[in-house]
Amino acid sequence: MNFLDLVKIRQSVRSYDPDRPVEKEKLDRCLEALRLAPSACNAQPWKIILVDDPELKEKIAKAAASYVLGFNKFARQAPVLAVVVREEPNLTSKLGTILKNKPYTLMDIGIAGEHFCLQAASEGLGTCIMGWFDEPAVKKLLQIPRNKRTELIISIGYSAKPDIHQKIRKPLETICSYNRY
């Protein structure tokens, strides 16, 4: 599959087949894709925790859901939840963040998370990147140190609705220009 075809099939999945577990070999390849992601000054400021224990996963999914706003209730169906923790960057990345006032670690985590999701798509898996969740509850459940930030939760599993939906995106002319704004 070429890269654009892969990008076209990668979509946010919000309905999982709860009875179909994800094979460890596929998770391992997703982890390798994340591990190989580029980062500012090669800081690699991330740690990923895979949650597949059903009882713990249920608690993490509950912390991810907002029943008032209707967010992330689907996380309960996913066989695996990947929790991405921001780690301290190396000195050069930290210095660049200060001097340029740009959150390099967050950019790096976004790139690594998408590498993980693209590999999952190539494996026939669905994912959804979630930024809305009860961070203190997740940190407590996973024993993440207080000084760390939990940035993302990625649900992973086989889609209950494997059809690829059409992506609705802005036209290229509205998001790209050459040589000036």
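May I ask you to say which residue of Ala112, Ala137 is touching a Leu at 6+ places or on another chain (Cβ under 6 Å) and not polar (S, T, N, Q)?
Ala112
Could you tell me which of the residues Lys94, Lys100 is over 16 Å from the mean Cα position of the chain (by Cα), surrounded by fewer than 17 Cβ atoms within 10 Å (Cβ to Cβ) and farther than 26 Å from Glu123 by Cα?
Answer to the selection: Lys100.
What number of residues within segment 121-143 satisfy the criterion of being part of a helix (DSSP H, G or I), in contact (Cβ under 8 Å) with a residue 40 or more places away in the chain and closer than 18 Å to Trp46 by Cα?
Taking segment 121-143 and keeping what is part of a helix (DSSP H, G or I), we get 121-122, 135-142.
Now drop any that are not in contact (Cβ under 8 Å) with a residue 40 or more places away in the chain, which leaves 121-122, 137-138, 141-142.
The next check asks that each one be closer than 18 Å to Trp46 by Cα; those that pass are 138, 142.
Number satisfying all stated conditions: 2.
In segment 36-57, what residues are in a helix (DSSP H, G or I) and touching a residue at least 40 places away in the same chain (Cβ under 8 Å)?
Step one: of segment 36-57, the residues in a helix (DSSP H, G or I) are 40-42, 54-57.
If the condition is that a residue be in a helix (DSSP H, G or I) and touching a residue at least 40 places away in the same chain (Cβ under 8 Å), then Ala40, Cys41, Asn42, Leu56 are the ones that fit.
For segment 47-74, name all the residues that are hydrophobic (A, V, I, L, M, F, W, C) and closer than 21 Å to Ala121 by Cα.
Within segment 47-74, Ile48, Ile49, Leu50, Val51, Phe74 qualify.
Determine which member of the set Asp17, Asp5 is more than 23 Å from Gly131 (Cβ to Cβ) and crowded, with 16+ Cβ neighbours inside 10 Å. Write out each step before concluding.
Numbers: Asp5 fails: crowded, with 16+ Cβ neighbours inside 10 Å.
When all the criteria are applied, what remains is Asp17.
For residues that are outside any loop (DSSP other than H, G, I, E, B) and surrounded by 10 or more Cβ atoms within 10 Å (Cβ to Cβ), tally how many sit in segment 157-181.
Residues meeting the conditions: 2.
Restricting to segment 130-173, and then to whatever is β-branched (Val, Ile, Thr) and out of contact with any Cys (no Cβ under 8 Å at 6 or more places or on another chain), can you tell me which residue is nearest to Lys59 (Cα to Cα)?
So the residue we want is Val138.
Give the number of residues within segment 58-91 that are crowded, with 20+ Cβ neighbours inside 10 Å and in a strand (DSSP E or B).
Final tally of qualifying residues: 6.
Condition first: more than 18 Å from the chain's Cα centre (by Cα) and surrounded by fewer than 16 Cβ atoms within 10 Å (Cβ to Cβ). Now tell me which residues in segment 24-57 satisfy that.
Scanning segment 24-57 gives Glu25, Asn42, Asp53, Pro54, Glu55, Leu56.
Looking only at segment 143-156, which residues are farther than 20 Å from Leu106 by Cβ and surrounded by fewer than 19 Cβ atoms within 10 Å (Cβ to Cβ)?
Gln143
No value in this document is a laboratory result; all are computed from the given coordinates. Note that this is a predicted model, so its numbers are computed, not measured. Please note: Cβ atoms are built from the backbone with ideal geometry, for glycine as well, and neighbour counts cover all protein chains shown.
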